[in-house]
Every structure is written in structure tokens, then in C-alpha cells.
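Working notes for the structure below.
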Amino acid sequence: LVSKAARSCPQYWGKEGVDMDVLLNECFVLAVDARAFMAANEGMEAAKRFFYGNFVYSEGAPTQCRTYGVLGRSGWCTMTDIADLKELMVRMELMRRFTLPQVVLQRHEHEIRQLQASN
């Protein structure tokens, strides 16, 4: 997380008080990536807290599994609540990472067909 953050937005790396809107306008598409950068910019402990709090613990794996909201055994978990996973992916804006490239490719294909039809 820390090394990726330093590469993603070097002009603001190590600076205090970086504005979220500036990061979104200049360096990142997803707000979750900008929040990760801000956490990593505060140091390794803040980056660890962000990563575990927003990704590992929120999914319940690999630390403890949830079955219908009740904590269960430790270890990797079987996915039982697809709606919860989808909600998490939308809230964390991870769905954009899967859908945006597809949308861009479809738009390119449409434009290419338009050009071919006009020739």
C-alpha cells in the first residue's frame, strides 16, 4: 500500500494536509485509492490500520468468518452472502475497477463501428 501510494502520486507524497479533492482531480479515479494514499502518507501504522479496517476485517477473511452476522471459526471463509459482498464492493468503489475497462472497450468498439460505417 505504501510503495504503491508513493508511486501513484509522487508530487504529494510526504506532504501534510493533502486535500482529498486535489488527489481525486490529479492522481486517482477512485476515492478508496485516494483514502488509501492519505493513510499511507501518514505512515506504516496508519496504512496497516486502513488496509485491515477497510479490506481484510470488513470482508471477514482471513481472520474470522461471519455466518449471518455471527462470528464463527478462524481461517478462510466460504462466501455465503453475495449481496453483502456486492454492497461492500460498491461502497468501497471496487466495482469500478471491474466495470470501467469494460465500458471503455465497448465505447471504443462503438466508435470504430461508426467510423467503418461512415467510410
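Since every read-out is calculated from the coordinates, none of them should be taken as a lab result. What you see is a predicted model; the values in this text were computed from it and never measured. Cβ sites come from the backbone with ideal geometry, for glycine too, and all protein chains shown count toward neighbours.
Sorting check: for 22-35, 104-117, which peptide has the highest mean count of neighbouring beta carbons within 10 Å, and how do the rest follow? Write out the running numbers ahead of the final one.
Details: 22-35: 16.1, 104-117: 9.5.
By packing density, highest mean first, the sequence is 22-35, 104-117.
Determine ³J(HN,Hα), in whole Hz, for all residues of segment 39-53 in sequence, where each value follows from phi through the Karplus function 6.51 cos²θ - 1.76 cosθ + 1.60 and θ = phi - 60°; x replaces Gly and Pro.
In residue order, the calculated couplings are 5, 5, 5, 7, x, 4, 5, 5, 5, 5, 4, 4, 4, 5, x Hz.
What does the highest-first list of 10-17, 44-51 look like by mean Cβ count within 10 Å?
Numbers: 10-17: 10.5, 44-51: 14.5.
Ranking the peptides 10-17, 44-51 by packing returns 44-51, 10-17.
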